[in-house]
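Asks: What follows is a single structure, and I will ask about it in a moment.
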Amino acid sequence: MQTISSSTPIAAPQEVAWEVMADHELYARWVPRSVVDLEVKGSPERNGVGAIRVFHIGPVRTREEITTFDPPNRMAYRVLTIPMPVRNCRSDLLLVANDDGSGCTLHWDSWFETVIPLTGGIMRQIMGSATAKMAAGIAEEAARRAQSA
């Protein structure tokens with residue numbers, strides 16, 4: 001099992017960061033030439049448990065299912081299809097308010113198995129880069145919204 005973990009400080013209240021993190025369509029802003037569609041709506045919230053989001057980057061598609069949706073704290077998903085040699089991929093995103101009230105921190109943990117032996121390092125690098133880009137986008141958008149409020 002391969003693991004990726006990161007912590008990203010966010011200069012915005014946890015509730016604002018949650019609004020951004022839970023809005024799947026926003027993720028397309030942070031990956032060039034991409035689109036994010038909601039294939040299946042969650043229940044009881046549109047982006048909640050059971051929602052299936054599809055990331056299109058050119059002709060490549062990645063499908064993810066939301067498995068945990070606990071506003072404004074935690075969201076988790078599992079990857080249904082991915083155009084990489086990995087399987088059993090899942091992620092957990094946890095927002096924790098800072099003690100001093102200065103914002104919050106996004107903790108993003110992912111786990112996956114490699115299909116091709118000896119590719120764990122490169123796959124951690126590729127997937128870690130993608131999650132870092134998404135986390136940075138969430139942090140920037142949340143901070144922008146907090147400053148505008």
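Asks: Using the Karplus equation 6.51 cos²θ - 1.76 cosθ + 1.60 (θ = phi - 60°), what ³J(HN,Hα) coupling, rounded to whole Hz, does each residue of segment 38-46 give in order, writing x for Gly and Pro?
Replies: Running phi through 6.51 cos²θ - 1.76 cosθ + 1.60 with θ = phi - 60° gives 9, 6, 9, 6, x, 9, x, 8, 3 Hz.
Asks: Turning to a different aspect of this structure: Cut-off is 10 Å between beta-carbons; in what order do Thr3, Thr67 appear when sorted fewest neighbours first? Let's see the in-between values first.
Replies: Numbers: Thr3 11, Thr67 15.
Ascending Cβ contact count within 10 Å gives the list Thr3, Thr67.
Asks: Considering only C-alpha atoms, what is the centroid distance from segment 92-147 to segment 16-79, in Å?
Replies: Rounded to whole Å, the Cα centres lie 14 Å apart.
Asks: What percent does the relative contact order of the chain come to when contacts are Cα pairs within less than 8 Å and at least six residues apart?
Replies: Numbers: 319 pairs, mean separation 46.0, N = 149.
It comes to 31 percent, rounded to a whole number.
Asks: Can you give me the convex hull volume of the Cα atoms of segment 41-116, divided per residue and expressed in Å³? Could the numbers behind the result be given before it?
Replies: Numbers: hull volume 8.4 nm³, N = 76.
Residue-normalised Cα hull volume stands at 111 Å³.
Asks: Which label marks the calculated value of Rg/Rh (Cα atoms, Kirkwood Rh), given the options (i) 1.39; (ii) 0.96; (iii) 1.10?
Replies: Looking at Rg/Rh (Cα atoms, Kirkwood Rh) for this model, the match is (ii).
Asks: Moving to a separate point now. Show me the ranking of peptides 75-81, 97-103, 119-125, 11-17 by mean Cβ neighbours inside 10 Å, starting with the highest. Write out the running numbers ahead of the final one.
Replies: On the way: 75-81: 17.3, 97-103: 11.9, 119-125: 14.4, 11-17: 21.0.
By packing density, highest mean first, the sequence is 11-17, 75-81, 119-125, 97-103.
Asks: Build a GNM of the chain with springs between Cα atoms under 10 Å: which of Ile116, Ile57, Ile138 gets the top mean-square fluctuation?
Replies: Ile116
Asks: Have a look at Gly50, Gln2, Gln147 and report the one farthest towards the positive end of the charge dipole of the chain, computed about the Cα centre with Cβ charges (Lys/Arg +1, Asp/Glu -1).
Replies: After comparing all options, I get Gln2.
Asks: Using only Cα atoms and rounding to the nearest 10 degrees, what angle (0 to 90) does helix 120-148 make with the longest principal axis of the chain?
Replies: It works out to around 20 degrees.
Asks: What size of dipole, in debye to the nearest 20, comes out for segment 2-148 about its Cα centre when the only charges are +1 on Lys and Arg C-beta atoms and -1 on Asp and Glu C-beta atoms?
Replies: Working: 15 positive and 17 negative charges, 118 e Å.
Value, rounded to 20: 560 debye.
Values in this text are rule-based calculations from the coordinates and carry no lab data. Keep in mind it's a predicted model, so treat the numbers as computed, not measured. Here the Cβ is made from the backbone with ideal geometry for all residues, glycine too, and neighbour counts use every protein chain on show.
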